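In what follows, a single structure is set out as structure tokens and then discussed.
The values are calculated or read from the model by the stated rules, or taken from the named source; none is laboratory data. All figures in this text were calculated on a predicted structure; none of them were measured in a lab. Please note: Cβ atoms are built from the backbone with ideal geometry, for glycine as well, and neighbour counts cover all protein chains shown. The area values use the complete protein model at the heavy-atom level, side chains included, leaving out ligands, DNA and RNA. Shrake-Rupley method; radii C 1.70, N 1.55, O 1.52, S 1.80 Å.
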Amino acid sequence: MDLFKRVNNNCSNKFCTPIFPQNHARVAVLGASGGIGQPLSLLLKNSPLVSQLSLYDIAHTPGVAADLSHIETRAKVTGHLGPDQLGAALKGCDVVVIPAGVPRKPGMTRDDLFNTNATIVATLSDACARFCPEAMICVIANPVNSTIPITSEVMKKHGVYNPNRVFGVTTLDIVRANTFVAELKGLDPARVNVPVIGGHAGKTIIPLISQCTPKVEFPADELSALTERIQDAGTEVVKAKAGAGSATLSMAYAGARFTFSLLDAMNGKEGVVECAFIRSEETECKYFSTPLLLGKNGIEKNLGLGKLSAFEEKLVAECMAELKTSIKKGEDFVANMKL
């Protein structure tokens, strides 16, 4: 159960023994047949925190559900196929995780994905607003810097928007930062925590190496190279897969980690902290990722940026224009669409 020791612990104390309460959470995965959706669903099926796992996609979902249903864990799995079954997939859900969308290919930026994935996320958010308006919504679909504003605006149109329950899952940036720092310093990556703030694309990804636990230091040139690697890690995977897809397995792990943290907090565990891209007042941007204290009702407290180094302050300043543009693009998309 080492995986669950990792993903069930909060950012500041990931290596303590997790609590596995007899939770009765119903979790839906929208896009469950895809490259992220299948391994993510497997991890969720394996967790005692989940009692019902509702899988939705436009193809192959009954087969994925049948396959997972044979695993000897408590979660009951149901498969739902196509738009006509979307409502049934969502009804009564406590948490909805959305990895649906097309993957990034070589030469594509996250912004290139916008038109296709924006429509998918808007459609799924609309269904969430109608069938499970009080659920926690965890959006993985890229570009997160735009898809979270899309989700928020759709929920607003239905009059059910709660900013404490809508999350852009940026956990993969933290997972990568932890791994890369551990490699460079010869540390156990399970004991490393690097907060990552900002957004979830390129230079909007801002790892706070100065706030790393345990404390680490790097020369300026090495710090710059490390930061760039964390920011470009998604492209690293896309190139390595040579056209066969983007980060799927690591993203599934990161999505599971965030979901388990959220479920732990909803179930009463205290001190659960994760970073996520949310509606925020911490900077001049309407949405911004920072460490969050999670609770029974979603975000309990935004822990803010903390003390930044001069290098990190510069990164924050430099990302603002791009982040604002991405946010506005998402908002404008919903303003111009018909629900």
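Details
- The lone exception for ALA317 - which of (1) outside any loop (DSSP other than H, G, I, E, B); (2) surrounded by fewer than 18 Cβ atoms within 10 Å (Cβ to Cβ); (3) in contact with a Gly (Cβ under 6 Å, 6 or more places away or on another chain) it fails: (3)
- Just one of the numbered conditions (1) surrounded by 24 or more Cβ atoms within 10 Å (Cβ to Cβ); (2) farther than 17 Å from VAL97 by Cβ; (3) out of contact with any Asp or Glu (no Cβ under 8 Å at 6 or more places or on another chain); (4) of a type outside the set (Asp, Glu) is not true of VAL166: (2).
- Here LEU86, LEU124 are screened, and the one residue that is at pLDDT 95 or above and surrounded by 24 or more Cβ atoms within 10 Å (Cβ to Cβ) is LEU124.
- Region 196-222 residues that are among the polar types (S, T, N, Q) and outside any strand (DSSP E or B), paired with ones that are modelled with pLDDT under 95 and open to solvent by 10 Å² or more (accessible area, probe 1.4 Å) (beta carbon under 9 Å, 6 or more apart): none
- Among the residues making up region 181-195, a single one is part of a helix (DSSP H, G or I), open to solvent by 10 Å² or more (accessible area, probe 1.4 Å) and of a type in the set (Gly, Ala, Ser): ALA190.
- So LEU249, is it under 30 Å from HIS24 (Cα atoms), out of contact with any helix residue (DSSP H, G or I) (no Cβ under 7 Å at 6 or more places or on another chain) and touching a residue at least 12 places away in the same chain (Cβ under 8 Å): no
- Residue list for region 151-161, filter: among the aliphatic types (A, V, I, L, M) and open to solvent by less than 10 Å² (accessible area, probe 1.4 Å): VAL154, MET155
- Checking VAL216 against (1) under 22 Å from GLU322 (Cβ atoms); (2) open to solvent by less than 50 Å² (accessible area, probe 1.4 Å), the condition it does not meet: (1)
- The strands (runs of 3 or more DSSP E) falling completely within region 20-81 that include 1 or more residues that are open to solvent by 50 Å² or more (accessible area, probe 1.4 Å) map to 50-57, 76-81.
- Exclusive hit being β-branched (Val, Ile, Thr), under 30 Å from LYS91 (Cα atoms) and either open to solvent by 50 Å² or more (accessible area, probe 1.4 Å) or in a helix (DSSP H, G or I) (or both), set ILE148, ILE137, ILE174, ILE230: ILE148
- If you filter region 102-113 down to residues that are more than 20 Å from ALA32 (Cα to Cα) and not in a loop (DSSP other than H, G, I, E, B), you find that the one that is modelled with the highest pLDDT is ASP112.
- Evaluating LEU305 against the criteria (1) open to solvent by 50 Å² or more (accessible area, probe 1.4 Å); (2) part of a loop (DSSP other than H, G, I, E, B) leaves one unmet condition, (1).
- Within region 93-102, the presence of a residue that is over 25 Å from PHE333 (Cβ atoms), open to solvent by 30 Å² or more (accessible area, probe 1.4 Å), out of contact with any Leu (no Cβ under 9 Å at 6 or more places or on another chain) and not hydrophobic (A, V, I, L, M, F, W, C) is excluded.
- The numbered conditions (1) part of a helix (DSSP H, G or I); (2) without any contact (Cβ under 8 Å) to a residue 12 or more places away in the chain are all true for ARG130 except (2).
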